[in-house]
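Asks: Structure incoming, see below.
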């Protein structure tokens, strides 16, 4: 899931982009922005950077083991 700080930052930036005439409703709009962004990111089923990096490390480890097994199998089949 995306970090809540990122959602808060996006919400603040959207609020800052509002024209001055809607300043009185800025808090209400930022609350709605936050709700919409949170819902959208949850539906996207995103993972955090830490989880992504951990899965990449596992994949690299698995790939190395597979390559070692393939090499061993090739040596056994050639003898």
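Asks: Evaluate Rg over Rh across region 30-71, taking Cα atoms for both radii and Kirkwood's formula for Rh.
Replies: Value, to two decimals: 1.38.
Asks: Using Cα pairs under 8 angstrom and six or more residues apart, how large is the relative contact order of region 1-46, in percent?
Replies: Computed value for region 1-46: 56 percent relative contact order.
Asks: Evaluate the chain: find the radius of gyration of its Cα atoms, find its Kirkwood radius, and give the ratio Rg to Rh.
Replies: 1.45
Asks: Related question: Taking the Cβ-Cβ separation of residue 28 and residue 53 as r and a Förster radius of 30 Å, what is the calculated FRET efficiency to the nearest 0.05?
Replies: For R0 = 30 Å, the calculated efficiency reads 0.20.
Only the coordinates and a few stated rules stand behind these numbers; no lab work does. Small disclaimer: the values here were computed from a predicted structure and weren't measured. Please note: Cβ atoms are built from the backbone with ideal geometry, for glycine as well, and neighbour counts cover all protein chains shown.
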